[in-house]
Structures are given as structure tokens and as C-alpha cells.
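Remarks on the structure that follows.
The values are calculated or read from the model by the stated rules, or taken from the named source; none is laboratory data. These numbers were taken from a predicted model, which means no experiment stands behind them. Here the Cβ positions follow ideal geometry from the backbone for every residue, glycine too, while neighbour counts run over all protein chains shown.
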């Protein structure tokens, strides 16, 4: 028997739904400032008004939100929408920022997808500037049913019908989150609220154009499916329930992929023109396809975030995934987008899948920060190779090429990066902190090489400078593991 949520069990009050969302945010992120994505349409104006009402009731217990409006520039009256949002936000005392998108109508791909990518990219940049973690949007239950129906019409497989989650990261690797507090409310609930409070909003005339599949589903298909008989649950409700079950399954698969990732060996190859992350084909083929797909996509998008943080993340298509997984040998190259492709390569006699990102000229001026973890091998052209191993017993060696340390001594993510001018460490076996530049000078590192020399570091600073010195934090007490062994082999 299906357990379906019907309209009688849904929270029909936008203010109550928003209060619940604010409580969730404050529990995890404190009373920090939020952003609201406001288009000027009815639903987003309800969101802004409900936030204003809560602020008044609580005497501004939360900092006033920042209103973010994205002008996509695709309609002749888009500037009027921006003016309307700016005027209404300032009327109730909220700061507003209008973000201008540049979207070419003639470019390849879906205009809707490109608009969404541009919008998310602009939101992330604005939130970074303002040090905001959460942005709230006004999508509702009908939007969710609509999205699931569209995914079905596009022919996606079952696991692609997860719809939109209530909360997710705006982009893989980005700390900014989008939260949808109205996802359990009907469109009619928001309409009733807008009517009761006398709200005004902007109408997007393009939403009535039935040449667009989304509008056809929204205005004709779903209203027909919503007419359940004899108290039956309507089809839109069934679509939402399907979405919830698929989302739960996808979250489980993602957790498994992360666990596999943490125990896997990846090879990083970095040179002046590109950065490649390679995964062993044998491992990918041994995993359930859904887990292997998530694992490969996580590495793909993680590489993009590190090397091109201002670009929208690339999704891995099931068709491309199937082709690369069935490749019979080396030389298979599949382009994902300009300067980014998958390739099958040979490493130590075995077949690997490489994710290769060509670097822009401006990206070559400074060496990239590379995230590393146990069992990784990072190959850097003209410099050398770093290997990291997690071991339970210690056979410590401390020399120019090898360094051991307790695994528990690290804080946060391990990184391979260049030392920064003015940076200091407490050298192993010494008292007090010393400038890294002084240690490099003592080690006779040429001055023009010092700030291009890679170091191993974490959130607290440098752990090891190959050929130079380790930090006191690398000191090992006793034989109880686990331990990290760092080995750097320099290119001759």
C-alpha cells in the first residue's frame, strides 16, 4: 500500500513552513544572514512577504535577508521585473542585489538548462561576496510534480526521477546551499496567501506559451491528472511520492560512492596545460553501475570546482558513462564540453579512466591547489610524484623524500599547494616558529623556485616541505596507528 501525502496533511501556511525551515537552518548554521532568490513572480513575492512577517513577529531575531534577483535578459520586460523587485524589497527594508546574466540564445543545449546554470553561478558568486551559506527559493509541490513528469517525458531512467530535493548544494564542492521551504505546499496555498495579504507580482507571459513542454505539462497535463475520483490520490501526488522514494535511494547510493571514494586510489597528473584525475577501470567495472556513475561524476565535478570554480559544473550523461565503461582499450576519448573530456589511458600496464581538463592560459600562472587523500598518487610534470599511504604500523623515515606522521595529526582536507610568502611553521625538532622562506634559504632552494615549490598542508598550515623540513606536528608518539606515509619522488 502506498503511503501518500495528500493535501489534507500538508502545511498550507507559508509562514509556518518558512518558520520550520528557519529553525532547521539556525540549528545547523546559527542566526546567520540568508539570501532569498526573488524573481518578482507570485511565489517568490509570497516568500519575501512571509520573511518580512516573521522578521516583524520576532523583532528581527534573524539578520535581514539579502534579496537576490537574476535578470536573465531574455525578455523585453526583464528590466521591469528587476525594478519591481528592487522597489518592493526596499519598501520593507531588505537589501537587494540585481545580478545580470549573459545568456546566448543561439548557443548549444537547452535554453532552460543554460539559464539555470547561469543563475546558480551568479548566486554562488554573490553569496561568496556576502559570506552567505543559504539561499531560499519558492518552488512548491506542484513544481516538484511538474519536474518529475518532465523527467519521465525526457526518457530518463528511474533513478533520474528524483525531482528537486528540499535542500542541496548549489554546485558540487561549493559550500552554498539552496533550501526550498515551500516544497510541501500547493500552488493554491501560495495563491491564497497572496490574495489574503493583497500582494502584487509580475506575470511572465512566456509561461503561457504552450510551445514549451514545461508550460504544456503545467497548464494542461497536470491539471487533468490532478482530478482524482472517489477520494483517490491524484497522479501529481503519486509523482511526488515517487520522487521522494527515488531521492532517498539516490542519497544512499551517493553515501556508498563517498565511502568507496575514501578507500580508493586515484592518480592526479598536473602539467602546464592540463590537469588529469585517473580512476582504475577495473574498480569502476567491479562496482554497481549506479555507484560507479556517482563516483566518476564526483571526481569530474570536483576537478572542475578546483580548477574552474566560476564555471557551472558538468553533469555526466548515462550514455557517455556507458561508452567509457565498455571501452576495450586505450585511446577512447569522449568530449564532455570544451576543454574537458574523458579518456581511457594505460598506467603501469592497466587500463584507467582519465578525466582531463585543459587549463586556460591565465590558470597556468599559479600552480593549482590539489586536494589529496590516503592512497592517492599525484604526478606533477617536471616536478615529481607524491604518494600517500595509510598504514597501521610505523616504520618512520624522515628524509628529503619521505615523511611519516600520525593520521590524527591532520586537520581537515589534505592539500598539495605552493607555500605562501610570510608563512611560518614550527620545524620538526626545533622550538618556535620560523619563516618558510628562511627554511628554504637554509636548504639552498634557489630563490626563483621557492614559491613554485609544492608543500603538503592542511587547514592548520604546512605539514611537510619536501627537500626542506617537516613540521613538529609530524612527530610520532608510540607505535599505535594509523599513520600517513608521504613519499615524494622528484623528476630527474
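Hey, any hits in the range 153-165 for a residue that's in a helix (DSSP H, G or I), modelled with pLDDT of 90 or more, surrounded by fewer than 16 Cβ atoms within 10 Å (Cβ to Cβ) and within 25 Å of the chain's Cα centre (by Cα)? Steps first, please.
Within the range 153-165, the first condition is being in a helix (DSSP H, G or I), and the residues that meet it are 153, 158-160.
From what is left, the residues that are modelled with pLDDT of 90 or more are none.
There is no residue in the range 153-165 that is in a helix (DSSP H, G or I), modelled with pLDDT of 90 or more, surrounded by fewer than 16 Cβ atoms within 10 Å (Cβ to Cβ) and within 25 Å of the chain's Cα centre (by Cα).
If I ask for residues that are over 19 Å from residue 285 (Cα atoms) and surrounded by fewer than 15 Cβ atoms within 10 Å (Cβ to Cβ), which ones from the range 349-359 would you list?
Across the range 349-359, the qualifying residue is only 358.
Tell me which residues, restricted to the range 463-486, are crowded, with 18+ Cβ neighbours inside 10 Å and under 31 Å from the mean Cα position of the chain (by Cα). Steps first, please.
Of all residues in the range 463-486, those crowded, with 18+ Cβ neighbours inside 10 Å come to 463-466, 468-471, 473-474, 483-486.
Of everything in the range 463-486, those that are crowded, with 18+ Cβ neighbours inside 10 Å and under 31 Å from the mean Cα position of the chain (by Cα) turn out to be 463, 464, 465, 483, 484, 485, 486.
Output the number of residues of the range 317-326 satisfying the condition of being in contact with a strand residue (DSSP E or B) (Cβ under 9 Å, 6 or more places away or on another chain) and modelled with pLDDT under 85.
Selection size over the range 317-326: 1.
Suppose we filter the range 50-93 for residues that are part of a loop (DSSP other than H, G, I, E, B) and buried (at least 20 other Cβ atoms within 10 Å of the Cβ); how many remain?
2
Of the residues 387, 282, 346, which is modelled with pLDDT of 85 or more, surrounded by fewer than 16 Cβ atoms within 10 Å (Cβ to Cβ) and part of a strand (DSSP E or B)? Please lay out each step first, then the result.
On the way: 387 fails: surrounded by fewer than 16 Cβ atoms within 10 Å (Cβ to Cβ); 282 fails: part of a strand (DSSP E or B).
Being modelled with pLDDT of 85 or more, surrounded by fewer than 16 Cβ atoms within 10 Å (Cβ to Cβ) and part of a strand (DSSP E or B) holds for just one of 387, 282, 346, which is 346.
Test residue 78 against the criterion of being assigned by TED's automatic domain parsing to the domain that holds residue 177, without any contact (Cβ under 8 Å) to a residue 60 or more places away in the chain and under 22 Å from residue 179 (Cα atoms), and give yes or no. Show your work before the answer.
On the way: assigned by TED's automatic domain parsing to the domain that holds residue 177: yes; without any contact (Cβ under 8 Å) to a residue 60 or more places away in the chain: yes; under 22 Å from residue 179 (Cα atoms): no.
For residue 78, the condition - assigned by TED's automatic domain parsing to the domain that holds residue 177, without any contact (Cβ under 8 Å) to a residue 60 or more places away in the chain and under 22 Å from residue 179 (Cα atoms) - is not met.
What is the one condition in (1) buried (at least 17 other Cβ atoms within 10 Å of the Cβ); (2) within 32 Å of the chain's Cα centre (by Cα); (3) assigned to a loop (DSSP other than H, G, I, E, B) that residue 412 does not satisfy?
Unmet condition: (1).
So, in the range 224-238, of the ones that are farther than 14 Å from residue 144 by Cα and surrounded by fewer than 17 Cβ atoms within 10 Å (Cβ to Cβ), which residue ends up modelled with the highest pLDDT?
224
Exactly one condition in (1) outside any loop (DSSP other than H, G, I, E, B); (2) at pLDDT 85 or above; (3) in contact with a helix residue (DSSP H, G or I) (Cβ under 8 Å, 6 or more places away or on another chain) is not met by residue 363; state its number.
For residue 363, the exception is condition (2).
Go through the range 166-184 and give me each residue that's modelled with pLDDT of 75 or more and over 22 Å from residue 318 (Cα atoms).
166, 167, 175, 176, 177, 178, 179, 180, 181, 182, 183, 184, listed by residue number.
Of the residues that sit in the range 415-432 and are in a strand (DSSP E or B) and over 18 Å from residue 371 (Cα atoms), which one is modelled with the lowest pLDDT? Spell out the reasoning first.
So in the range 415-432, the residues in a strand (DSSP E or B) come out as 415-418, 424-425, 427.
Those still in the list that are over 18 Å from residue 371 (Cα atoms) too: 424-425, 427.
Details: 424: 87, 425: 91, 427: 90.
Ranking the candidates gives 424 first.
Do you know which residues across the range 166-183 are under 18 Å from residue 43 (Cβ atoms) and assigned to a loop (DSSP other than H, G, I, E, B)?
Answer for the range 166-183, where residues must be under 18 Å from residue 43 (Cβ atoms) and assigned to a loop (DSSP other than H, G, I, E, B): 166, 180, 181, 182, 183.
Working carefully through the options 452, 403, 460, find the one that is touching a residue at least 40 places away in the same chain (Cβ under 8 Å) and buried (at least 19 other Cβ atoms within 10 Å of the Cβ).
Working: 452 fails: buried (at least 19 other Cβ atoms within 10 Å of the Cβ); 460 fails: buried (at least 19 other Cβ atoms within 10 Å of the Cβ).
Sole residue among the options that is touching a residue at least 40 places away in the same chain (Cβ under 8 Å) and buried (at least 19 other Cβ atoms within 10 Å of the Cβ): 403.
Take the range 460-490 and flag every residue that is assigned to a loop (DSSP other than H, G, I, E, B) and closer than 18 Å to residue 376 by Cβ.
Initial filter on the range 460-490 (assigned to a loop (DSSP other than H, G, I, E, B)): 460, 466-468, 475-482.
Matches in the range 460-490: 466, 482.
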